[in-house]
Structures are given as C-alpha cells and as structure tokens.
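Single-structure report; data block below.
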Amino acid sequence: MITPKDIVARFAVGAQIIRTFAEGYTHDESLISPVGFQGNCMNWLVGHLVNSRNTVLRLSGFPNAQWQAYAPWEELRANYGNGSKPITADGPHVLRLAQSLEGLEATQAALVAHVATMTQEHANVEIEAIGRSQPVDHFLMYMLGHEQFHIGQMEYVRPLSGKKNP
C-alpha cells in the first residue's frame, strides 16, 4: 500500500529535479517563454508547482503550513494557479525565481512535517478537490502526477535560455 509518507518521498524527488532544471538560471532567463505556441516559462512552472504544493497542504488539512513569504495565497493563485495567464515579462506580481525556489524548499519541508506524518484515518478523509469528492490520499496521488507533468515541461523550456538539459 502506498502511504502519504511514500507520496511525500516522491515529492522530494520532484523537488530535486526542479532544483536541477532551475540551476544556473537568472531571473530574467526564467521569464523566457516559448515562441510560436502558448507555453509557460520556467518562472511560471516553478511558481505554479509551489502554488500547487500549497494547495496540497491546504486541501490535506494543513492550511497553516502554506508558504506565503512574498505574496498572499490569493495572489499566488492568481498569478501561478491553474488557468492563470502565462508570465511573459517581469512585473509587480511576478516572483523572483529565487523566491519561488525558496518556496519550493519551504513547501517540501511542510510536506515532510505534516503530510508524511498524517494517519491513515486522515488520509481516508473525503475532501472536495478537482471537481469531485475523494479521499485525501487519492488527491495526493493526483497532485504528484500533476507535478511530474510540469517537471516534464521544464525539459522543453530549459534550452530556450541556451542551457543544456541535465
């Protein structure tokens, strides 16, 4: 049986891969977007994954563990949440890449401290997420897959800044 601790261990692997893909980026390079089709820049991808990890914490029952060091949850959601517009230039609501990477570290620590230690009873609690009622642990599995999807996009975005993929 896959436990919340197992899922958080996979999030840790994801965090390491995100760090590797973001390595060597300047903030300006993180804003380079694909040309010729609508796609997301590295800045949005990292910020989106931090926002998604905040959603994991909130919907798993740990809203006080969310990372909000540079922007309130509503602002992070508006700029980096599902359906947000692609970030194509710097602006007042765009996090610096270093800030988003700080958020990655903070959310990973919160996942370890809270989600990895949840009881099976808590993992079985039904929540409303992604348009349906489901147990917390099913939601965690969905969000892990979501993170892996966006990590895959980083492989296509990184060369836009002239960097080789790891």
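With respect to Trp67, is the statement that it is surrounded by 13 or more Cβ atoms within 10 Å (Cβ to Cβ), touching a residue at least 24 places away in the same chain (Cβ under 8 Å) and under 19 Å from Val115 (Cβ atoms) true?
Values: surrounded by 13 or more Cβ atoms within 10 Å (Cβ to Cβ): yes; touching a residue at least 24 places away in the same chain (Cβ under 8 Å): yes; under 19 Å from Val115 (Cβ atoms): yes.
Criteria met by Trp67.
Could you say whether any residue in segment 15-34 is assigned to a helix (DSSP H, G or I), out of contact with any strand residue (DSSP E or B) (no Cβ under 8 Å at 6 or more places or on another chain) and either farther than 21 Å from Arg158 by Cα or free of Cβ contacts under 8 Å to residues at least 40 places away in the same chain (or both)?
yes
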TODO: Please name all residue pairs, on different chains or six or more residues apart, with Cβ atoms under 6 Å, provided the first residue is in segment 155-166 and is more than 13 Å from Glu29 (Cα to Cα) and the second residue is among the polar types (S, T, N, Q) and part of a loop (DSSP other than H, G, I, E, B).
DONE: Glu155/Asn165
TODO: Identify, from the list Gly91, Gly39, the residue that is touching a residue at least 12 places away in the same chain (Cβ under 8 Å) and either surrounded by 22 or more Cβ atoms within 10 Å (Cβ to Cβ) or among the small types (Gly, Ala, Ser) (or both).
DONE: Gly39
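Conditions tested, residue by residue: (1) touching a Ser or Thr at 6+ places or on another chain (Cβ under 8 Å); (2) of a type in the set (Lys, Arg).
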{"position": "Ser60", "(1), (2)": "no, no"}
{"position": "Ala69", "(1), (2)": "no, no"}
{"position": "Pro86", "(1), (2)": "yes, no"}
{"position": "Arg132", "(1), (2)": "no, yes"}
{"position": "Gly162", "(1), (2)": "no, no"}
Task: Given (1) surrounded by fewer than 16 Cβ atoms within 10 Å (Cβ to Cβ); (2) closer than 26 Å to Lys5 by Cα, number of the condition Met118 does not satisfy - done: (1)
- [ ] Give segment 35-66 a look and list any residue that's of a type in the set (A, V, I, L, M, F, W, C), outside any helix (DSSP H, G or I) and at pLDDT 95 or above, or say none.
- [x] Cys41, Phe62
TODO: Could you figure out which of (1) in contact with a helix residue (DSSP H, G or I) (Cβ under 9 Å, 6 or more places away or on another chain); (2) part of a loop (DSSP other than H, G, I, E, B) isn't true of Ala89?
DONE: (1)
TODO: List the helices (runs of 4 or more DSSP H) that sit entirely inside segment 93-161 and contain at least 1 residues that are of a type in the set (Phe, Trp, Tyr), under 16 Å from the mean Cα position of the chain (by Cα) and closer than 26 Å to Ala78 by Cβ.
DONE: 136-157
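The values are calculated or read from the model by the stated rules, or taken from the named source; none is laboratory data. None of these values were measured; they are calculated from a predicted model. Neighbour counts run over all protein chains shown; Cβ positions are idealised from the backbone, glycine included.
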